[in-house]
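Below is one structure, written out as structure tokens, with a few remarks after it.
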Ligand code: SF4
Ligand code: SF4
């Protein structure tokens with residue numbers, strides 16, 4: 001089970017400088033966006049909404065906390081004003097208060113606590129920063145790939161196996177150690193040893209990459225469905241703003257059942273997202289059927305997450321094609337259901353350029369519609385992008401460098417690493433928000449050091 005999050009640490013003295021500069025700089029940005037309330041909805045309407053996906057099954061509270069902190073501050077730094085954080089120059093601009101709009105995490109109380117702790121620490125560092133919505137992800141069908149965990153018994157692993165499972169796992173969720181049994185083990189005497197460890201359950205997010213690489217077919221995937229009663233309890237918390245329901249498109253019965261069980265709590269959240277794959281010609285009919293189930297009972301905003309190639313954004317350029325193709329097809333459908341539309345599944349640093357080529361980046365359509373009302377205002381056809389594996393990978397590279405000294409790592413205690421992580425996060429969030437162009441690298445450099 002994930003560790004219980006610890007309370008935020010005292011504010012570092014050096015963060016006060018960041019806070020002061022940002023508060024002054026943020027005024028004009030806030031004034032400009034005052035007409036869009038809540039600001040997350042403004043972002044969806046403009047087409048610059050960004051969601052961080054921590055992973056529907058990723059439950060490592062320490063990593064989730066640090067990721068949430070970094071991506072909440074991802075827009076803090078831009079090249080106009082200068083301040084200092086522990087001897088390192090930061091540049092802070094009036095576009096500095098908006099970073100990700102939403103952080104999507106497992107529907108688990110510890111994980112939700114970790115996300116909120118990360119956001120809390122970010123707002124202690126820069127109080128003017130926009131607090132992202134916290135979204136919990138659930139499924140109506142155990143066949144959804146996001147809701148599974150890899151499993152195997154390490155004692156079944158032959159000692160001469162080169163452990164490709166460990167190498168291929170993008171989450172460092174497999175750890176195997178060879179230990180001696182019954183006397184000193186030597187390489188030439190493999191019978192006197194065994195493997196210990198296996199899958200670190202809270203880190204496994206079900207990507208499935210370890211399954212085909214095992215030469216002995218020892219790994220199995222165990223699927224599950226999030227408990228709707230526990231989910232309802234989460235929705236009643238005042239630190240949960242949105243829910244995402246993953247559905248496989250294989251029929252509406254399971255969605256209907258889940259929707260019924262959440263009905264007592266669903267209006268506690270501001271937004272309901274439905275994540276679904278492209279199921280071809282019947283996609284729009286299926287979406288309209290889902291919309292018909294939701295519409296009479298929900299008073300908030302609704303969003304469609306177009307899930308292209310699940311959990312693949314860290315693989316490379318090709319991974320993003322499916323979600324952009326999905327968006328192109330939806331854009332051509334006049335009978336698509338009301339609501340905001342957002343990309344996911346294979347999203348990475350190439351997604352913006354692909355969307356631009358398809359003429360869908362922040363392009364406008366009429367009219368925009370929310371679940372319970374028709375909004376006669378202009379609205380971007382694609383409201384934004386959700387980043388998962390790629391977002392975790394680029395910041396995770398830095399998180400892994402932080403020395404583990406006293407148990408749980410707090411990225412804010414290591415300003416050099418925090419800056420490096422912010423640079424990575426900004427390289428992804430910045431192009432969507434318009435802070436930096438999609439082809440440029442972000443602006444913090446070690447050369448900025450005095
Ligand atoms: S399913 Fe993916 S995340 Fe889980 S252990 Fe296998 S490779 Fe790692
Ligand atoms: S690849 Fe298969 S046999 Fe080899 S260590 Fe991993 S799970 Fe065990």
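The values are calculated or read from the model by the stated rules, or taken from the named source; none is laboratory data. Owing to the predicted nature of the structure, the values given are computational and were not obtained by experimental measurement. Glycine also receives a Cβ, built like all others from the backbone with ideal geometry; neighbour counts cover every protein chain displayed.
Test residue 218 against the stated conditions and say whether it is within 30 Å of residue 154 (Cβ to Cβ), surrounded by fewer than 21 Cβ atoms within 10 Å (Cβ to Cβ), touching a helix residue (DSSP H, G or I) at 6+ places or on another chain (Cβ under 8 Å) and touching a residue at least 12 places away in the same chain (Cβ under 8 Å). So residue 218 fits the description; yes.
Strands (runs of 3 or more DSSP E) wholly in segment 348-413 with at least 1 residues that are out of contact with any helix residue (DSSP H, G or I) (no Cβ under 9 Å at 6 or more places or on another chain) and either at pLDDT below 95 or not assigned by TED's automatic domain parsing to the domain that holds residue 304 (or both) - which ones? I'd like the intermediate steps shown before the answer.
Numbers: elements: 368-370, 373-375, 384-387.
Per the criteria, 368-370, 373-375.
Note on segment 96-105: residues that are touching a helix residue (DSSP H, G or I) at 6+ places or on another chain (Cβ under 8 Å) and at pLDDT 95 or above amount to 4. Every condition in (1) surrounded by 14 or more Cβ atoms within 10 Å (Cβ to Cβ); (2) under 27 Å from residue 40 (Cα atoms) is met by residue 236 except one, and the failing one is (1).
Name the residue that is farthest from ligand 2 (Cβ to nearest atom), counting only residues in segment 131-160 that are part of a helix (DSSP H, G or I) and loosely packed, with under 15 Cβ neighbours inside 10 Å.
We begin by selecting, within segment 131-160, every residue part of a helix (DSSP H, G or I); these are 154-156.
This time we only want the ones that are loosely packed, with under 15 Cβ neighbours inside 10 Å, so: 155-156.
Numbers: 155: 10, 156: 7 Å.
That would be 155.
In segment 196-209, the residues that are at positive phi and in contact (Cβ under 8 Å) with a residue 24 or more places away in the chain form Cβ pairs under 6 Å with partners that are part of a strand (DSSP E or B) and more than 8 Å from ligand 1 (Cβ to nearest atom), at six or more places apart or across chains, as follows: 197/175; 197/176; 197/177.
Within the set 167, 163, the sole residue that is at positive phi and either within 16 Å of ligand 2 (Cβ to nearest atom) or not assigned by TED's automatic domain parsing to the domain that holds residue 60 (or both) turns out to be 163.
Determine which member of the set 173, 128, 114 is away from ligand 1 (no atom under 16 Å from the Cβ) and buried (at least 23 other Cβ atoms within 10 Å of the Cβ). Answer to the selection: 114.
Report yes if residue 313 is at pLDDT 95 or above and either within 25 Å of residue 42 (Cβ to Cβ) or buried (at least 23 other Cβ atoms within 10 Å of the Cβ) (or both), otherwise no. The answer is no for residue 313.
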